[in-house]
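Quick notes on the structure that follows.
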Amino acid sequence: MPGRRPERLAEQIKEEVSLIIAGEVEDPRVGFVTVTDAKLSADLRHAKIYVSVLGSENEVKGSLSALKHASGFIRAQLGAVLRMRHTPELHFAYDDAELRAARIEELLSEEAATALEGDQSSPDRDNSG
């Protein structure tokens, strides 16, 4: 059992990478980026950083490209803070959970509207006396 170290480290990496992106990455392609999660491999050598990007599909692609380009810089800054023997290799991935949640909400709203229409158009059969 590996313990809680990978979980604690992933949370710390998430917070630090978020601060580094917000304050030190000056690439204009990095738009409104929010770090949503970080997952570490079992050997602590690779970190997958999930980000949410506000904007169009082209802006999302541009932001991910800029983050991948700046990953060496971000890793170096992270290494100064973490004080680990080996700073994990950073891999950025787009987190589309917000889009999926919005689509689910839309489908549920449509279904509720359809059910409401069905209830209003059917005759009331309980008043048969």
Rel. contact order, % - alpha carbon contacts under 8 angstrom, at least six apart, region 9-129: 24 percent
For every helix of n ≥ 4 consecutive DSSP H residues, a contribution of -39,500 (n - 2.57) applies; sum these over the chain, divide by its total residues, and give [θ] at 222 nm rounded to the nearest 500 deg cm²/dmol. -18000 deg cm²/dmol
Once you have all Cα-Cα distances for region 31-88, histogram them in 5 Å bins from zero and send the whole-percent values. 4, 17, 23, 26, 16, 9, 4, 1
Here the gain from full extension of Q120 to R100, 0.36 nm per residue of separation minus their alpha-carbon distance, amounts to 4.2 nm
Between D37 and L82, what length in nm is gained on full extension when 0.36 nm per residue of separation is reduced by their alpha carbon distance? 14.5 nm
P(r) over all Cα-Cα pairs of region 74-114, 10 Å bins from 0 to the longest distance, whole percent per bin, short to long, reads 24, 23, 17, 16, 15, 5
A chain fully extended from R4 to L108 at 0.36 nm per residue, minus the present Cα-Cα distance, gains in nm 33.7 nm
Solvent-accessible surface (1.4 angstrom probe) belonging to T36, in square angstrom, nearest 10: 50 Å²
Expressed in square angstrom to the nearest 10, the accessible area of E89 with a 1.4 Å probe stands at 70 Å²
Rounded to whole Å², per residue accessible area for region 11-108 with a 1.4 Å probe reads 63 Å²
Under 13 Å from the Q12 label point (7 Å along Cα→beta-carbon), backbone N, region 77-109: 78-88
If you build the convex hull over the alpha carbons only and average its shadow over all orientations, what do you get for the chain? Give it in nm² to one decimal. 13.2 nm²
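The values are calculated or read from the model by the stated rules, or taken from the named source; none is laboratory data. In this text, all values refer to a predicted model and were calculated from it rather than measured experimentally. We place every Cβ from the backbone using ideal geometry, glycine too, and count neighbours over all the protein chains shown. Side chains are part of the model used for accessible areas, which takes the heavy atoms of the whole protein and leaves out ligands, DNA and RNA. Shrake-Rupley method; radii C 1.70, N 1.55, O 1.52, S 1.80 Å.
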